[in-house]
Every structure is written in C-alpha cells, then in structure tokens.
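Before any comments, here is the structure.
Read the figures in this text as sums done on the coordinates, not as results from a lab. Computed from a predicted model, the values in this text were never measured in an experiment. We place every Cβ from the backbone using ideal geometry, glycine too, and count neighbours over all the protein chains shown.
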Amino acid sequence: MRPGEMADLAAAMIAAGIARLELIGPDFRLALARGEAAPEETDETAGGTEAAAETDADVIPVTAPALGMLLRAHPLHERPLAGDGEAVVAGQAIALLRIGALMTPVAAPANGVIVAALAEEGALVGYGDRLFDFLPHD
C-alpha cells in the first residue's frame with residue numbers, strides 16, 4: 001500500500017467514525033487504530049507482582065466467531081449460559097450471537113473461567129471482536 005492510499009484510508013476511517021480497523025489475509029495482517037496510545041510505563045506499573053504478571057499472561061481473549069448481537073442467555077431462558085467467574089468446559093457455549101432468528105454460539109476455547117465480559121449484553125459485535133477475557137485451567 002502506498003503512503004497516499006494509507007492517508008486516504010485513515011481519512012475514510014475518521015469520516016465513518018471507525019476507531020479500529022483490522023484486515024487479515026493469508027499472507028498479511030494490517031491493523032489501524034486512531035486515538036489509542038500505548039500507556040507510558042510508570043514506576044507503579046513497572047514493578048508489579050509476578051503473580052499478577054502470570055495471571056495477565058495466562059488470560060486469553062475469546063473473540064466473536066461471527067457478527068451479531070451479543071446475548072449472554074438464550075432468549076427463552078433467564079439464566080446466562082455462563083456467568084463471570086463460572087467454570088466452563090472446552091466447547092461449552094458461553095454466549096450467543098444473534099442475527100435475526102439465527103443464533104451462533106460463542107464457545108469456550110478450553111476448560112477454564114470467564115474473567116471478564118468485555119462487550120455489553122445486546123451490543124452489536126463484528127467478527128474477531130474481543131468479547132471475554134478467559135483464564136484456562138486444567
């Protein structure tokens with residue numbers, strides 16, 4: 001991509017209100033973001049504890065397998081498929097993505113625990129959007 005094309009793409013992102021764009025192909029990956037700066041390391045963040053570093057390193061993202069509206073529970077049930085802090089098994093549905101009448105499950109990547117929900121209930125999400133932080137365990 002030529003520099004002029006990159007500037008045009010950035011201008012189009014701003015005009016459309018897109019904060020982050022990620023393109024992935026068989027032999028490339030391009031990620032563009034605006035308004036995001038890497039946090040500066042301070043004395044408070046540089047020290048940290050080893051346990052916190054290990055926990056953060058072990059947490060893996062659960063991303064959307066498709067686009068749709070995020071549902072934590074099936075529309076016919078009140079109880080969430082999996083709550084924060086609840087142990088789940090690999091392949092278990094932890095949420096659903098709804099497009100019209102079609103519901104696509106979001107599966108747990110391994111045995112573990114959902115640490116945090118990053119997308120709100122009812123939010124429209126796209127393919128690859130980060131939905132949950134997940135801590136795998138044996």
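Placing a pseudo-label 7 Å from each Cα along the Cα-to-Cβ vector at H77 and A101 gives an inter-label distance of 2.1 nm. If the chain linking E22 and A116 were pulled fully straight, counting 0.36 nm for each residue of separation and taking away their Cα-Cα distance, it would gain 31.6 nm.
Close amide H pairs (under 5 Å, H built 1.01 Å from N) link A110 with G91, residues at least 5 positions away or on another chain.
Here A10 and Y127 are evaluated by their C-beta separation; at R0 = 30 Å the FRET efficiency comes out at 0.85. 3J(HN,Hα) along region 92-101, derived from phi through the Karplus expression 6.51 cos²θ - 1.76 cosθ + 1.60 where θ = phi - 60°, amounts to 5, 5, 10, 6, 10, 10, 9, 10, x, 8 Hz, with x in place of Gly and Pro.
Scanning residues 5 or more positions from T63 or on other chains, those with amide H under 5 Å from its amide H are L131, with H placed 1.01 Å from N in the peptide plane. In order along region 127-134, the phi-based Karplus estimate (6.51 cos²θ - 1.76 cosθ + 1.60, θ = phi - 60°) of 3J(HN,Hα) comes to 4, x, 5, 6, 9, 9, 9, 10 Hz; Gly and Pro are listed as x.
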